[in-house]
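The values are calculated or read from the model by the stated rules, or taken from the named source; none is laboratory data. Fair warning: this is a prediction, and the values are worked out from it, not measured in the lab. Glycine gets a Cβ as well: all are built from the backbone with ideal geometry, and neighbour counts include every protein chain shown. Surface areas here come from the heavy atoms of the whole protein model, side chains and all, with no ligands, DNA or RNA. Shrake-Rupley method; radii C 1.70, N 1.55, O 1.52, S 1.80 Å.
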Amino acid sequence: MSEPKDIHPQQPLGMAKRGYSGIIQHLTVSDATSALAADELESRLIELGFVEGARVEVLHEGIIGRDPIAVRVENVTIALRRREAMAIIVA
């Protein structure tokens with residue numbers, strides 16, 4: 001019997017385009033190129049609601065370089081730099 005294929009493969013939220021919606025799988029702050037230290041970035045993302053199992057949707061992209069992005073996490077809209085969104089793995 002074959003394993004079911006992922007309908008939405010895992011990817012960093014920072015790679016997602018406007019209209020994407022998915023579920024947060026985990027955070028990988030060590031891979032992000034943020035100005036913040038890894039532990040500070042992780043704390044900040046968790047405080048904003050980027051936690052495992054939360055539903056996330058990309059609502060808007062900035063004009064220049066598609067940065068920042070506006071995302072809805074559950075019922076809250078947050079602006080986030082793409083380089084920091086790279087730490088959020090979604091599927």
At 222 nm, what helix-only mean residue ellipticity would the chain give, in deg cm²/dmol to the nearest 500, using -39500 (n - 2.57) for each DSSP H run of four or more? -4500 deg cm²/dmol
So Arg66 and Ala79, fully extended at 0.36 nm per residue minus their Cα-Cα distance, gain in nm 3.5 nm
Hand me the GluC sites (Glu not before Pro) from the stretch 10-91 located in a DSSP loop with no more than 15 other Cβ atoms within 10 Å, in residue order please. Glu52, Glu74
Determine the dipole magnitude for the stretch 8-85: charges of +1 sit on the beta-carbon of Lys and Arg, -1 on that of Asp and Glu, nothing else is charged, the reference point is the Cα centre, and the result goes in debye to the nearest 20. 400 debye
Taking Cα atoms, the helix 38-48 axis meets the longest principal axis of the chain at an angle in degrees (rounded to 10) of 80 degrees
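Would you mind telling me the share, in percent, of accessible area of the stretch 52-91 contributed by carbon and sulfur at probe 1.4 angstrom?
52 percent
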Along the charge dipole of the chain, pointing to its positive end and built from +1/-1 on Cβ of Lys, Arg, Asp and Glu, which listed residue (Ala37, Asn75, Val51) has its Cα farthest out? Asn75
Per residue, how much accessible area does the chain have with a 1.4 Å probe, in Å²? 65 Å²
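Could you sort Asp67, Asp39 by their accessible area in this structure, using a 1.4 Å probe and putting the largest first?
Asp39, Asp67
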